[in-house]
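Following: one structure in structure tokens, then a few remarks.
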Amino acid sequence: MLIPREGRPDEPRVAGSPETARRLVGKGCVVLVESGAGRASGFSDQDYRQAGAELVEDGWGHCHVALCVGAPDPGRLEAMATGSTVIGLLAPYGNQALVQQLNRRKLSSLSLELLPRISRAQAMDALSSQANIAGYKAVLLAAAALDRYFPMLMTAAGTVQPARVLVLGAGVAGLQAVATARRLGAVVHVSDIRPAVKEQVESLGGRFLAPPQVTEQPAESGGYAKQASDAFLAAQRRQLSDQLGLADVVICTAQVPGLRAPLLISEAMLERLRPGAVVVDLAVNEGGNCAATVPGQTIDRKGVKLIGASDLPCTVPYHASCLYGRNLAALLEQYLQDGVLELDPQDPLLKDCLLTHGGQCHRDDIVNASRCV
Ligand code: NAD
């Protein structure tokens, strides 16, 4: 089992912590860790050694299973032995080159984005562990950039009104944003197209904006939203326009898996925001919920700060890696027999997230989907 250094120079996370290494050693695995792999996440080589792992310089040619955060580059996959397995957030949508290489090299691959959202998979849900961090950090970024307080304060100089935060999308990141903004004392309003989240929003102290009533209501499947119709989105933008006039902060988290994120704040709607307001767009890599946000950049638009927050889990690398490593360990423990990984393509968990196996792609629907942005 290999825990490698990640290939992307701006990726500080690592696919396994010393705690993960110890768990896997306990399951009979030989755990190889590339030296320096955990440094940017706060784990030293010595920490891994003490957990029972073996430190190596380059482990790609010597492992049966490689654990990674992002998809490994082609050179690394080429070095892996035929029949071995690669597991990570492989970003498979429309990535035919990756799938062709995995098939040609007869590598099995598990893409964690494709795990079903079922109870049995909760401990393995890497999308959730990372989205939670993104929702939390988005609010902290907004609070730091905002020109006013979040909480209501009674001071000798008079009363300060609480900040008003609008959260778009109440999935994992959105709900964490609601909880964090509430802890900081803001008044929080939330828009989502799944009426089922109303109760969750209210239990966190947020106020739910009922979806606009148009004939064709958006559907959902497996807990995810499906793309809303153009008519619905137009009605929703009209509803949000009024909210923008009242908001100090907007946290954008609305997404539809595999598709372009819904555009909920148009260029014209940005005019409704007051100078000093802050928008943090977590959907920016998927096309953005807000017009004019750019991945990785903060733009000042007529005094409104537009933050294209593309990689927030990377800004909390210690906990992002700890939790991601636990997600992977929970998945692996289901299929390890005396240190050997036995993948059954018919298993309900693997059926969805097994991307390639034995030279065949198991998710043509995903790979043939055109990339949305
Ligand atoms: P996501 O990142 O795909 O989407 C974020 C949110 O955006 C969703 O709540 C979605 O309804 C919303 N959205 C889509 N279009 C919108 C629009 N036009 N306007 C406003 N909001 C819009 O979702 P996610 O955070 O990954 O979670 C999706 C669901 O899966 C949630 O209900 C979550 O509780 C559930 N979940 C279940 C499990 C499990 O049981 N294992 C684990 C994690 C999440």
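Listing for the model above:
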| read-out | value |
| --- | --- |
| Residues Tyr318 and Lys226, FRET efficiency given R0 of 41 Å [Cβ-Cβ distance, rounded to 0.05] | 0.70 |
| Kirkwood Rh and Cα Rg combined as Rg/Rh, the stretch 128-172 | 1.10 |
| Residues listed by number, the stretch 10-46, amide nitrogen under 12 Å from Leu55 label point at 7 Å toward C-beta | 33-39, 44-46 |
| For the stretch 298-343 and the stretch 225-262, distance of Cα centres in Å | 25 |
| Neighbourhood charge, 11 Å Cβ-Cβ cut-off, centred on Ala247 and excluding it, Lys, Arg +1 and Asp, Glu -1 | +1 |
| Projected label distance in nm at Ala291 and Glu19, using a 7 Å step from Cα toward the beta-carbon | 4.5 |
| Rounded to 5, the percent of DSSP beta bridges in the chain classed as antiparallel | 30 |
| Lys, Arg +1 and Asp, Glu -1 on Cβ, resulting dipole of the stretch 134-315 about Cα centre, debye, nearest 20 | 340 |
| Pair-distance profile P(r), taking every C-alpha pair of the stretch 95-153, with 10 angstrom steps and integer % | 17, 25, 25, 19, 9, 4, 0 |
| Convex hull volume per residue in cubic angstrom - Cα atoms of the chain | 144 |
| Separation of the Glu78 and Gln337 label points, Cα + 7 Å toward Cβ, nm | 3.5 |
| Reachable lysines from Lys106, criterion Cα separation under 19 angstrom, eight or more residues apart if same chain | Lys351 |
| Bridge type composition, the stretch 134-315 - antiparallel percent by DSSP, nearest 5 | 30 |
| Two-site label geometry, Glu271 and Ala157: point separation in nm, points 7 Å out along Cα→Cβ | 3.5 |
| Under 15 Å, Cβ to Cβ, from Ala268 - net charge with Lys/Arg +1 and Asp/Glu -1 | +2 |
| Potential extension, Ser35-Ala144 segment - 0.36 nm per residue separation minus Cα distance | 35.7 nm |
| The chain: calculated mean residue ellipticity at 222 nm from DSSP helix runs of at least 4, using -39500 (n - 2.57) | -9000 deg cm²/dmol |
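Read the figures in this text as sums done on the coordinates, not as results from a lab. Since the model is a prediction, treat every value here as computed from it, not as a measurement. Backbone-built Cβ (ideal geometry, glycine too); neighbour counts: all protein chains shown.
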